[in-house]
Structure formats: structure tokens, C-alpha cells
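A.B. asks: Sharing a structure here in C-alpha cells format.
The values are calculated or read from the model by the stated rules, or taken from the named source; none is laboratory data. All of these numbers come straight from a predicted model, not from anything done at the bench. Note that each Cβ is placed from the backbone with ideal geometry, even for glycine, and that neighbours are counted across all protein chains shown. For accessibility, only protein heavy atoms count, side chains too; no ligands or nucleic acids. Shrake-Rupley method; radii C 1.70, N 1.55, O 1.52, S 1.80 Å.
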Amino acid sequence: MTTTDPLDLRGARLVAADLHGARLVRADLSRVVMRGVEIDGADIDAPWLLDGGSLLVNGVDVAPYVDAELDRRFPGRSLRRAADPEGLRAAWTAVERTWAATLDRVAALPAGTVDVSVDGEWSFAQTLRHLVMATDTWLRGAVLGVEAPYHRLGQPNVEYAADGHDPSVFADGTPAWDEVLAVRAERVAMVRDYLADVTAADLAGTRPNPWAPEHRETVLSCLHTVLEEEWEHHRYAVRDLAAVAATPGA
């Protein structure tokens, strides 16, 4: 069974339910309680868990261990919460270095790999396009105040249209890889150039949240969101590249 219709199961009690092989996407499982469950081979991806959340497995909060392991696997990730100009510049240098190595890896893969989707997730090219959109949202739009911040090659998040935004600002179809690389490079340089001159006073300034303008965000929190987007989507990208490489004939 596959359904994309919203299901409200709040407060439901599932006893002896067989969810073997089920796939839950964009589901809210906060405060779910599981007792006596078989979870061998389960695969959980919860990026917001590491923003102060908890996940108890047999009574042990594993969230700090997961965070530390991701920092070990991705050198430079631990800098993503830097709070001063020098720290942010170092954090962005780490992001650039990490993505450069991944792009070198992609360049050695068969043609068309960048447009391959794994399990319905974004392709590598779409991931880079989403990072363009994220930079446009949080730096170009929120911090710099550009009225129409989005590049047409940006890839909006799934909820963009459903939340009442106009998806027509983004191009349809699959753009050429060279075009994607070019606009991505422009946005990477945009962040680098902004951080080169940013001051502590700039970081303390506030801006309307681009998704909820009635709320204010500091410039620092906007930049932290850019860094979070970079590291989370890099993790997804290399995960899926590994899956593509492991596919026979890939």
C-alpha cells in the first residue's frame, strides 16, 4: 500500500502491528513510544533530532552519540555552530573543501549519475539546486534583503507550493549539469564573500524569518541555517552516491 494522503494517527495504539519494510516519509514520530519492537535493520533519518532533541534506545539517549559520530565522519561539520566571524569563515572553508572533494568524486562517475534518484530522493543535481535555493532564502533574501531572491534553477523544498508559495519562479525539467554547477559556484562564492567582511555587530542584527515574517531571526541564526543545510544535504548526497555506485552496472 502506498499513500501520500495525510494520515492523522495521533494517539493511536498499534499492538502486534506488522510494519516490516514500511517506509515513512515526512512523518511526525515525536514522542512515539515503542515497546518490545523488532527494529533490526531499521534506518532512521531525523536531522532535527540533533537540534537539542533526544532519542532513547533501551533507555539510552543516543542523539549525542549520533552527533559526535557525524562530526567524526565529516571533518569540519563540528564548526557549523560557530558564533563569531572568524569561526564562521573557518566553517565555510570546511564546507567548500568537503563539497569540492565530493564534486571531484562525481566527475569520475559515469555520465548521467548526477540525475539518478535513489528511493525517490533528490538526485545529486537536485541536491545542489536545493542548496542554491537555501542560500537564496537565508542569505540573499533574509540577510541581504533581495526582494526576488530566487534563481530559476533552485530546487524548492517539497512543501514550498503547499505552503502557499509560487513554484513558477523555478524552472521545470532537468537543467544541464554545467548550468547547475555554474549557479551553485556563484552561490558558494556569495556566502564566502559575505563572510569575508561580516562583523560581530552584523551577526547580532535581526531579520524577518523568510517562512514566518512575524518572527525575527538573527543574522547569525540565518547563517547557521545555511551551514546546516550544507552539511545535511551533503550527508544525503554521499549516502545516495554510495548506493548508486553499489548498483550493478552503475
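A.B. asks: Please go through the range 174-188 and give me each residue that is assigned to a loop (DSSP other than H, G, I, E, B) and open to solvent by 60 Å² or more (accessible area, probe 1.4 Å), ordered by number. Break it down stepwise before answering.
C.D. replies: Step one: filter the range 174-188 for residues assigned to a loop (DSSP other than H, G, I, E, B), giving 174-176.
The one that is assigned to a loop (DSSP other than H, G, I, E, B) and open to solvent by 60 Å² or more (accessible area, probe 1.4 Å): Thr174.
A.B. asks: What single numbered condition from (1) charged (D, E, K, R); (2) open to solvent by 100 Å² or more (accessible area, probe 1.4 Å); (3) in a helix (DSSP H, G or I) fails to hold for Asp18?
C.D. replies: (3)
Rundown of residues vs (1) among the β-branched types (Val, Ile, Thr); (2) closer than 20 Å to Glu147 by Cα, yes/no style:
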{"site": "Thr199", "(1), (2)": "yes, no"}
{"site": "Leu203", "(1), (2)": "no, no"}
{"site": "Pro208", "(1), (2)": "no, yes"}
{"site": "Arg216", "(1), (2)": "no, yes"}
{"site": "Val219", "(1), (2)": "yes, yes"}
{"site": "His224", "(1), (2)": "no, no"}
{"site": "Glu228", "(1), (2)": "no, no"}
{"site": "His234", "(1), (2)": "no, no"}
{"site": "Asp240", "(1), (2)": "no, no"}
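A.B. asks: Further question on the same structure: Out of Val114, Val118, report the one residue that is farther than 20 Å from Asp193 by Cβ, buried (at least 16 other Cβ atoms within 10 Å of the Cβ) and in contact with a Phe, Trp or Tyr (Cβ under 7 Å, 6 or more places away or on another chain). Talk me through it step by step, then tell me what you get.
C.D. replies: Values: Val118 fails: in contact with a Phe, Trp or Tyr (Cβ under 7 Å, 6 or more places away or on another chain).
Going through Val114, Val118 in turn, just one is farther than 20 Å from Asp193 by Cβ, buried (at least 16 other Cβ atoms within 10 Å of the Cβ) and in contact with a Phe, Trp or Tyr (Cβ under 7 Å, 6 or more places away or on another chain): Val114.
A.B. asks: While we're looking at this one, here's another question. Check Arg26, Arg31 and return the single one that is open to solvent by 100 Å² or more (accessible area, probe 1.4 Å), more than 24 Å from Arg239 (Cβ to Cβ) and assigned to a loop (DSSP other than H, G, I, E, B). It would help to see each step written out before you state the result.
C.D. replies: Details: Arg26 fails: more than 24 Å from Arg239 (Cβ to Cβ).
Going through Arg26, Arg31 in turn, the sole match is Arg31.
A.B. asks: May I pose another question? Within the set of pairs 6+ apart or on separate chains, which have a first residue in the range 51-64 that is closer than 14 Å to Met34 by Cβ, a second that is of a type in the set (Asp, Glu), and C-beta atoms under 7 Å apart?
C.D. replies: Sorted first by the residue in the range 51-64, then by its partner, the pairs are Leu55/Asp61.
A.B. asks: Another question, then. For the range 226-237, how many residues meet the condition of being open to solvent by 30 Å² or more (accessible area, probe 1.4 Å) and either in contact with a Ser or Thr (Cβ under 9 Å, 6 or more places away or on another chain) or not in a helix (DSSP H, G or I) (or both)? If you could, list the steps in order and put the result at the bottom.
C.D. replies: Residues of the range 226-237 that are open to solvent by 30 Å² or more (accessible area, probe 1.4 Å), as a first pass: 228-229, 235-236.
Retained after the next criterion (residues that are either in contact with a Ser or Thr (Cβ under 9 Å, 6 or more places away or on another chain) or not in a helix (DSSP H, G or I) (or both)): 229, 236.
The number of residues fulfilling the criteria is 2.
A.B. asks: Which of the following residues is more than 18 Å from Thr135 (Cβ to Cβ), modelled with pLDDT of 95 or more and among the hydroxyl-bearing types (Ser, Thr, Tyr): Thr247, Thr199, Thr218?
C.D. replies: The conditions single out Thr199.
A.B. asks: Mind checking which pairs have a first residue in the range 141-159 that is within 17 Å of Cys222 (Cα to Cα) and a second that is of a type in the set (Ser, Thr, Tyr), Cβ under 8 Å, 6 or more apart or different chains?
C.D. replies: Gly141/Tyr150; Val143/Tyr194; Leu144/Tyr194; Pro149/Thr137; Tyr150/Thr137
A.B. asks: Which residues, taken from the range 172-196, are small (Gly, Ala, Ser), more than 22 Å from Trp92 (Cβ to Cβ) and modelled with pLDDT of 95 or more? Talk me through it step by step, then tell me what you get.
C.D. replies: So the first thing to find is which residues in the range 172-196 are small (Gly, Ala, Ser), and the list is 173, 176, 182, 185, 189, 196.
Retained after the next criterion (residues that are more than 22 Å from Trp92 (Cβ to Cβ)): 173, 176.
Of everything in the range 172-196, just one residue is small (Gly, Ala, Ser), more than 22 Å from Trp92 (Cβ to Cβ) and modelled with pLDDT of 95 or more, namely Ala176.
So that you can scan it fast, the table gives a plain yes or no per residue for (1) of a type in the set (Ser, Thr, Tyr); (2) at negative phi; (3) open to solvent by less than 50 Å² (accessible area, probe 1.4 Å):
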| position | (1), (2), (3) |
| --- | --- |
| Tyr160 | yes, yes, yes |
| Ala171 | no, yes, yes |
| Met190 | no, yes, yes |
| Val198 | no, yes, yes |
| Gly205 | no, yes, yes |
| Trp211 | no, yes, no |
| Arg216 | no, yes, no |
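A.B. asks: Could you please find all residues in the range 48-103 being open to solvent by 70 Å² or more (accessible area, probe 1.4 Å) and within 23 Å of Arg129 (Cα to Cα)?
C.D. replies: Listed by number, the residues that qualify are Trp48, Thr93, Arg97.
A.B. asks: Give the residues of the range 92-124 that are closer than 14 Å to Tyr236 by Cα and not in a helix (DSSP H, G or I), sorted by residue number.
C.D. replies: If the condition is that a residue be closer than 14 Å to Tyr236 by Cα and not in a helix (DSSP H, G or I), then Val116, Ser117, Val118, Asp119, Gly120, Glu121, Trp122, Ser123 are the ones that fit.
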